Structures are given as C-alpha cells and as structure tokens.
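The values are calculated or read from the model by the stated rules, or taken from the named source; none is laboratory data. Small disclaimer: the values here were computed from a predicted structure and weren't measured. A quick note on method: Cβ atoms are made from the backbone with ideal geometry, for glycine too, and the neighbour counts reach across all protein chains shown. Side chains are part of the model used for accessible areas, which takes the heavy atoms of the whole protein and leaves out ligands, DNA and RNA. Shrake-Rupley method; radii C 1.70, N 1.55, O 1.52, S 1.80 Å.
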Amino acid sequence: MAVAFAEISGPWGSGGPLWVIAVASVLLLVVVLVAMVWITGRSRRQIRGMARIAERLAGGDLAHRFDPGLPHALGELSDSLNRVAEYQSDRIRELGRQQGELQGTLHAMSTGVIAMARDGRVLSMNPAALSMLAVSGLNVRGRRLQEIEAGPDLVQFATAAMDAGGHGFAELSLGEAGQRIVARSESIHDGLGEFVGIVLVLDDVTRLRQLEHMRVDFAANVSHELRTPITSIHGYAELMMDEKDETERTRYAEVILRNTASLSSIIDDLLSLARLEDPLQDQLSGREQVKIHELLDEVVRACSVEAEKGGSTLKIECHEHLECHGNRQLLEQAVTNLVVNAIRYGPQDSPVTLSAESIAGGQIQLSVADRGVGIEASHHGRIFERFYRVDKGRSREVGGTGLGLAIVKHIALAHGGRVELESAVGQGSVFRITLPMAAPTNP
Ligand code: ADP
C-alpha cells in the first residue's frame, strides 16, 4: 500500500496528491450543492407557477394554460393538465351556448314558463309568465307564488302538482279580469335523478275561449234569425193550401215573399261578413283612388227610393277634391248601411247628412248624421256586434238583419280604420268612419 501511494505521489512531490484530491472533492461538492439548490429552486418556481395557473383555472378563468416547455415529468403533467383545461373550457363554452339558446327560446315564447324549487320557491320565470301574472319589474326569484299574488287557482295547482311528483294539467282563471289559462306541470330532476322541483307551462287561452263562446252565440243567433222567417213562410204556405179566397191567398203570398226577401238579406249580409272576416281573402285587392264626393253621390242615388219611402232628405257636405285609397264597392256598402239606418230609424221628413273631411294624422272621416231617435249610451259598446239590436221590433219591422253595423265595422277595419258612434236619445246619431287617406306603404 505504501509502495503504491509513493508511486502515485511521485511526480508532485511529498503531500501533494492528498491536498489536490481534497480540494477537488470540496469543489465538486460545492458545484453539486449549487446545482441542487438551483435545480430545486427552479422546480419549486415551476411548481408554484403551475399552482397559480391551477388556482386561476379552478376560479373559472379558463384562458390560462400551463407552460408546455417544462422538462420531464412536469412537462408531461403540464400537457395533461392543459388537455383537461381545454376540454373543460370547450364544455363550458358549449354549456354557455346551450344556455343562451334556452334563454332566447324562453324569452321569445308567448307561453309562460315558471321553474319552481321543491320548497315552492320560484327559480325563474320567462317574460310571458311575468306578464300573465302582471309582476313585471319584480324580482321573483326565491319568492313563493302567494307572495307575488299569482292567484289562488295557480297556487293550488302548483301545490297539487308538487305533491303529485310534478305532473299536472288544468284550465284555470287568473286575475280579476278572468284571464283563462291552460296550465301544465312537469317534474325537474337533478343529474342523479332526484326530484328537485317542477316547471309550470302556462298558455293564455282567453281569446280562444272568447272566440268559441262567440261562435256558439253566433250559431244560436243565426239559427234564431233564420227560424223566424222560415216559420212564417211555413205557416203561410200551409194556410195558402187550404185557402179558397183569392184575396186572402194573395195576402199570404205577399207575406211569404216578404219573408223570403228577409231570408235573402240575412244570407247576403252573412256572406258579406264571412268574406270580410276571411283571413285568406285580400279585402283590399281592388283598392283604388276613390273620389269621396263621387262615392257619396252614388250612395245618395242608391238610397233615393228608401229615402223617399221614409220621407228623408239626403244632404252631402264634402269638398270636391277629397280622396282616399280604398275599395270603392266596400266603402259604398258601409256608407249605404249607415244611411239606410239613418232613414229607417229617423222620423219622417228628417234630414240625413253625409259628410266627409280630412282630419289630423293623414286621415279622412266619413260621417252620417241623423236627427232620429238617438241611441242610449248603454248600447254604444255593443252596437257594432253581430245581431245586436237596440229596438228589436222596429228593426224587424223595417227589414233589418241586425248585421248592418257589424259589416260597417269590418269594412273600416279592413281599410286600417275604425268606426265610432256619437248619439244621445232624442237628439239623433252621428256614425263616423275614420280611414287612412293614403295607401299603406309596403314594408
Ligand atoms: P239592423 O239591420 O237591425 O238595422 P244594424 O246592425 O244596422 O242592424 O243596427 C243595429 C241596431 O242599431 C238597429 O237594430 C237599431 O236598433 C240601432 N240603430 C242603428 N242605426 C241607428 C240610427 N241611426 N238611429 C237609431 N238606432 C240605430
């Protein structure tokens, strides 16, 4: 051993090799220690950086990504975490899109939708539901239906549906105006299939029910109106068969003729109304520039026989140049109906004035004024309804169908206008048709 040491130490002199080895070892140790400290520090910084990014991602800020250039295991971990972040941000974007779609649909719907938690508190309501319950502007989330005064019927329905596990169907009344609502209810379940609430779907069927009611009323009215002349025709035809006296037979034939004329008028008026109300018919296809003076002249000519019978004088007050855009035939029919009524329900020898003037807003007003019996204010709201009569006996006596004013109203509506009545008992009536003067511009 001593020989070997001597050989190694030989070239550097005595004591040299030991010192060199010791210094080299210390230097090596220092280098290793510095390198370790540096590597550990760098790894710690990288891990801290990753932790900060992970925290941001966990906080919902999905725009951040881990540094893909990290070495070794950290690099692989970064890649995996970046893929997870990418997947999550895709999922969240997709969920956001789906939620946006759902929100848009709920906002655009005319059907009311209310989501309720199991404890009976409202989670959300779409605008249609808010307007049905007249609670717009109120924050409804977290409130109970009773608190937002949703009405006893709906509260009861929601409670029953909740108790029954979600499913329900009923027609209810809402509010004091008697709004009719068809309500359906379905359960809401969470991701684990647990029952967590219900969704109420509300359809406003008020208008539908009104129309159904009107249809039933209308059918009953038509049957009644037709039955009266038919019964009369039937009775007088039977009498005629047994009657030998020629004068009597002629009288019966006259009654039959009068009743067939009345039937024919009812059917004509019903057809006019049906055409006016048919949404598939373009009422105004035959629109043209109509000179109002000419139109009123024509009405006076058409009503001259009736006016003579009723002893009425017809007077026109209208500027020569006044024009409107409309269906001449329909407008003539509307004014004629008003003039015939003015003659029929006015006293003998009283004047009837047909006038027209342009009024504010580019409109034209056609008026028919009489100095007849007048109409009590209580009838004004319903007088334009089909078969509504103020004086039933007088109407039948003068051959009225009860449809004349309904036709006037529909003609005005078809022209984008309206009809109004101003009348006082004993002083006469003024019926006014207001129409836009110019043709509507195409959108
Ligand atoms: P009718 O065919 O019975 O005249 P209308 O619809 O034309 O039907 O009129 C409805 C009711 O309004 C009439 O039955 C009549 O009682 C009343 N009426 C209409 N016009 C006048 C008027 N100018 N003066 C008084 N009453 C009128």
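Figure the gain on full extension for A160 and A220 (residue separation times 0.36 nm, minus the Cα-Cα span) and round it to one decimal in nm.
Using 0.36 nm per residue and subtracting the Cα-Cα distance, I get 17.8 nm.
Rounded to whole Hz and in sequence order, give me ³J(HN,Hα) for region 369-383 from the Karplus expression 6.51 cos²θ - 1.76 cosθ + 1.60, θ = phi - 60°, writing x for Gly and Pro.
10, 10, 10, x, 5, x, 10, 4, 4, 4, 8, 4, x, 10, 5
Around M132, what is the net charge, scoring Lys/Arg as +1 and Asp/Glu as -1 over all other residues with Cβ under 12 Å from its Cβ? Don't skip to the answer; put the middle values down first.
On the way: positive: R180; negative: D203, D204.
Here the charged neighbours net out to -1.
Excluding same-chain residues fewer than 8 positions from K392, which lysines have a Cα within less than 25 Å of its Cα?
Candidates past the 8-residue exclusion: K309, K409.
If you place +1 on the Cβ of every Lys and Arg, -1 on the Cβ of every Asp and Glu, and leave all else neutral, what size is the dipole of region 110-204 about its Cα centre, to the nearest 20 Debye?
Dipole magnitude for region 110-204 comes out near 200 debye.
With springs only between Cα atoms under 10 Å apart, run a GNM on the chain and tell me which of V37, V255, V305 wobbles the most.
V37
Mind putting a number on the dipole of region 209-277 about its Cα centre? Charges go on the C-beta only, +1 for Lys and Arg and -1 for Asp and Glu, and I need it in Debye to the nearest 20.
For region 209-277, the charge dipole is close to 260 debye.
Could you provide, to the nearest whole Å², the per residue accessible area of the chain with probe 1.4 Å?
61 Å²
Towards the positive end of the charge dipole of region 209-277, with charges on Cβ (+1 Lys, Arg; -1 Asp, Glu), say which of Y252, S264, S232 has the farthest Cα.
S264
Extension gain S124-R44, at 0.36 nm per residue separation less the Cα-Cα distance, in nm?
24.0 nm
Return the loop-located trypsin sites (Lys or Arg not before Pro) in region 28-79 (DSSP other than H, G, I, E, B) with at most 16 other Cβ atoms within 10 Å of their own Cβ; answer none if there are none.
Values: sites: R42, R44, R45, R48, R52, R56, R65; in loops: R65.
Listed in order of number, the matching sites are R65.
What is the set of long-range amide H partners of I364 at a cut-off below 5 Å, with H atoms built 1.01 Å from backbone N?
Close amide H contacts, sequence-distant or interchain: I359, L435, M437.
HN-Hα J couplings of region 177-189 from phi, Karplus 6.51/-1.76/1.60, θ = phi - 60°, integer Hz, Gly and Pro as x?
Listing the rounded values in order: 6, x, 4, 9, 10, 9, 10, 10, 9, 9, 7, 10, 10 Hz.
Within region 220-275, what whole-number % of the accessible surface is contributed by carbon and sulfur, with the 1.4 Å probe and all protein chains included in the calculation? The partial results should precede the final answer.
Working: 2170 of 3680 Å².
It is 59 percent, rounded to a whole number.
Once you put a point 7 Å from the Cα of V205 and another 7 Å from the Cα of A134, both along the Cβ direction, what distance in nm separates them?
If labels sit at V205 and A134, their model points lie 2.3 nm apart.
As I understand it, the dipole of region 62-171 uses +1 on the Cβ of Lys and Arg and -1 on the Cβ of Asp and Glu, about the Cα centre. Which of Q146, F66, L123 lies farthest toward its positive end?
About the Cα centre, the residue reaching furthest to the positive side is Q146.
Run through the DSSP bridge list for the chain and note the antiparallel percent, rounded to the nearest 5.
Looking only at bridges with both residues in the chain, the antiparallel portion is about 90 percent.
Please list the non-local residues whose amide H lies under 5 Å from the amide H of I316, H modeled 1.01 Å from N, same-chain partners needing a gap of 5 or more.
L354
Under a Cβ-only charge scheme (Lys and Arg +1, Asp and Glu -1), can you give me the dipole magnitude of the chain about the Cα centre, in debye to the nearest 20?
1880 debye
Rounded, prolate or oblate: which fits region 274-419 when a ≥ b ≥ c are the square roots of the eigenvalues of the alpha-carbon gyration tensor, with rounded for a/c under 1.5 and prolate only if a/b beats b/c?
Oblate, because a/c is 1.5 or more while a/b does not exceed b/c.
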